[in-house]
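Novice: Right, I'll just put the structure down here and ask away after.
The values are calculated or read from the model by the stated rules, or taken from the named source; none is laboratory data. Only a predicted model underlies this, so the values are computations on that prediction, with no experimental measurement involved. Methodologically, a virtual Cβ is constructed for each residue, glycine included, from the backbone with ideal geometry; neighbour enumeration extends over all protein chains shown. The accessibility values were calculated without ligands, DNA or RNA, using every heavy atom of the protein model including side chains. Shrake-Rupley method; radii C 1.70, N 1.55, O 1.52, S 1.80 Å.
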Amino acid sequence: MPAALLVAEHLTRAFDARVAVRDLTLSVAAGEIVTVLGPNGAGKTTTMRMVAGLILPTSGRITLNQVPLTAATAGEARRAIGLLTEAPGLWERLSVRLNLLTYARLQGLPRPSQEVDAALAQVGLTDRADDLAGRLSKGLKQRVAIARALIHRPPILLLDEPTSGLDPASARHMRDLIVGLRRDGRAVLVSTHNLAEAEELSDRIAVLNTTLLALDSPAVLRQRLSGTQVAIEVEGDAARWLPSLGSIPGASAAAAGARLTVDLPGLAAVPDVVAALVAAGARVVRVLPDQRSLEEVYLNLVGATS
Amino acid sequence: MSGSGLAWHRVLAVARKDAAELARNPGAILPAVAMVFGSLFPAFLVVIGAPMIAGESLERSGDFAEEAQAAIGAIPEIAHLAGNALIQAFLFHQFSLLLLLVPVVAAMALATHAVIGEKQSKALEPLLATPLTTVELLAAKTLTPFVFALALSWAAALLYVAGIGLVAEPGVWRSILGPRSFLMFVVLGPLVELAALQLSVIVSSRASDPRSAQQLASLLILPITIVFVGQLMGAYVIGPAALLLGALGCGILNALLLWVGVKVFDRETILMRWK
């Protein structure tokens, strides 16, 4: 496993009496995408801001690229991150090039113009360099914003709602860019509401609702909540075979049409289920794993804490 | 979260960006340019226009002859003049105080746009996620408006002198180029401007649109106007000593505003409040 470039330990942030994030611990390794998923007000943006060194946690520790983030080191530590905010936040009266050039200068890059050209090429905007930022579509603005986050080649990328408000083609382009960042070996922390996007992009998903409810790969998250569930298709009405499954320890089943949905304590029980059905006279057409969608898992997790 | 040192390359990066934005935003520059003409016009109206309309020179009307004579102690630059020229020089000196409004209005107009523009375009969060410190941001937000407003106020002063040279009695324009004007435009002017800038930036960090910020920051116009009106009514004549005293007061005010500005410009505070 590559070294973790971003480590957050026991982060808590309160605004007066309201706790926005409580005891959050997560890490992101080089070449890994971790998505923070949660409802509005779950603490996603607060988490991003803490990790970006924009606001201090009330308690807990953050390490960016092996440098502990403190008030004294924040300026230096911020060099390790590129932040994409939900709103592109461009200077709309200025050209795309001047927007990026300002950031290249702010980062103290030795050859700012060349770095701007490289960043524009990376997001496919070389031919729009001299356009006014205000004249670009939302999708193109977001691409300029990601070029801005990449201009100093940071090892850690923080992307807050990167596809929010984008049309499907622009969102697809943005997701491709994010996957490219993983290939480049960056540690990428994404915050999103979009479950499908989280599932598609993420190596791991952190479900957050003030506290961290779960942190694992999408497959493991689904497995963890749904246990082992199989769908068995039989010839004819499935309901008549329900009694034959009563002898399987820990199994529970439901029937709908020709389909039986069976919850089991583990995969080892599947042959026993099939044998019991066949012994009772059922003609089994097929047996399928039947996992819950990530949406069900998410709603289950978040619903339990709301 | 702010570092201790001031990295000028970062200050200049933001200041250059602000200058480029300003150049493309006539709406922000217009009040400042209008103020130049607004501050020049009354002097020429009273000293040149009114006597022309009345068909009688200032000397003959006798309105200002005594005051002009009495002002020689405070404004020795006019001592070598006599008659109509003395009165004109005296009045042009009196009205020159109005030119102090140019750097104040220009600074307020430009600084409020520089700060609130960042709020409105939501550009602050990515900006603060760079190594830029809050003190550097404060310096950058002050630098471009300071240079621009100073250039404008000096241009206004040059126009004033050039206008006097064109329409006033011979020798009057030269009397303007003395220690009093030097103190007013090179010492007091920049200090008043800096105070206006700092006040504007502080107020802008709490306001959400340029107009409300400018209204609050325009508090600085009031003392200048009061001093001007008092002078015009003959209550006193502002000489070099009074200008030096004003400069000292402005210096203290600037130090106080700098202290407040650094406190207000806390990274987390601006991020949470600048919405």
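Novice: Tell me which residues, restricted to the stretch A:120-135, are surrounded by fewer than 23 Cβ atoms within 10 Å (Cβ to Cβ) and small (Gly, Ala, Ser).
Specialist: The answer is A:Ala121, A:Gly124, A:Ala129, A:Gly134.
Novice: Right, another one. Tell me which residues, restricted to the stretch A:96-111, are open to solvent by less than 50 Å² (accessible area, probe 1.4 Å), within 9 Å of chain B (Cβ to nearest Cβ) and either touching a Leu at 6+ places or on another chain (Cβ under 8 Å) or not hydrophobic (A, V, I, L, M, F, W, C) (or both).
Specialist: Result: A:Asn99, A:Thr102, A:Tyr103, A:Leu106, A:Gln107, A:Gly108.
Novice: Scanning the stretch A:32-42 for residues that are at pLDDT below 95 and open to solvent by 10 Å² or more (accessible area, probe 1.4 Å), which turns out nearest to the chain's Cα centre (by Cα)?
Specialist: A:Pro39
Novice: Please verify whether the stretch A:58-65 includes one or more residues that are open to solvent by 40 Å² or more (accessible area, probe 1.4 Å) and among the basic types (Lys, Arg).
Specialist: yes
Novice: Which is within 14 Å of chain A (Cβ to nearest Cβ), open to solvent by 20 Å² or more (accessible area, probe 1.4 Å), over 30 Å from A:Arg93 (Cβ atoms) and modelled with pLDDT under 90, of B:Gly5, B:Gly62?
Specialist: B:Gly5
Novice: Right, another one. Identify the residue in the stretch B:193-242 that is open to solvent by less than 30 Å² (accessible area, probe 1.4 Å), part of a helix (DSSP H, G or I) and in contact with a Pro (Cβ under 9 Å, 6 or more places away or on another chain) and, among all such residues, is modelled with the lowest pLDDT.
Specialist: Top of the filtered list is B:Ser204.
Novice: Further, regarding this structure: Return the pairs, sorted by first residue and then second, in which the second residue is in a helix (DSSP H, G or I) and acidic (Asp, Glu), the first residue lies in the stretch B:116-133 and is within 7 Å of chain A (Cβ to nearest Cβ) and open to solvent by 10 Å² or more (accessible area, probe 1.4 Å), the beta carbons are less than 9 Å apart, and the residues are 6+ apart or on different chains.
Specialist: No pair meets every condition.
Novice: If you don't mind, there's one more thing I want to ask. Scan B:Ile48, B:Ile29 and give me the residue that is within 14 Å of chain A (Cβ to nearest Cβ) and surrounded by 13 or more Cβ atoms within 10 Å (Cβ to Cβ).
Specialist: Just one listed residue meets the conditions, B:Ile29.
Novice: Right, here's the next one. Residues A:Arg79, A:Arg18: which one is more than 20 Å from B:Ala129 (Cβ to Cβ) and either at pLDDT 95 or above or basic (Lys, Arg) (or both)?
Specialist: Residue meeting the stated conditions: A:Arg18.
Novice: Could you please let me know if B:Thr112 is in contact (Cβ under 8 Å) with a residue 24 or more places away in the chain, more than 14 Å from every other protein chain (Cβ to nearest Cβ), buried (at least 23 other Cβ atoms within 10 Å of the Cβ) and farther than 23 Å from B:Ala7 by Cα?
Specialist: In short, yes.
Novice: Here is a follow-up. Going by the conditions given, is A:Pro154 within 14 Å of chain B (Cβ to nearest Cβ) and under 24 Å from A:Ile62 (Cα atoms)?
Specialist: yes
Novice: From the list A:Gly89, A:Gly53, exactly one residue is free of Cβ contacts under 8 Å to residues at least 40 places away in the same chain and buried (at least 19 other Cβ atoms within 10 Å of the Cβ). Which is it?
Specialist: A:Gly53
Novice: A follow-up question, please. So, of the residues in the stretch B:72-93 that are crowded, with 16+ Cβ neighbours inside 10 Å and not in a helix (DSSP H, G or I), which turns out to be farthest from the chain's Cα centre (by Cα)?
Specialist: Here the residue is B:Leu81.
Novice: Determine whether the stretch B:69-78 contains at least one residue that is more than 28 Å from B:Ser153 (Cα to Cα) and away from chain A (no Cβ under 14 Å).
Specialist: yes
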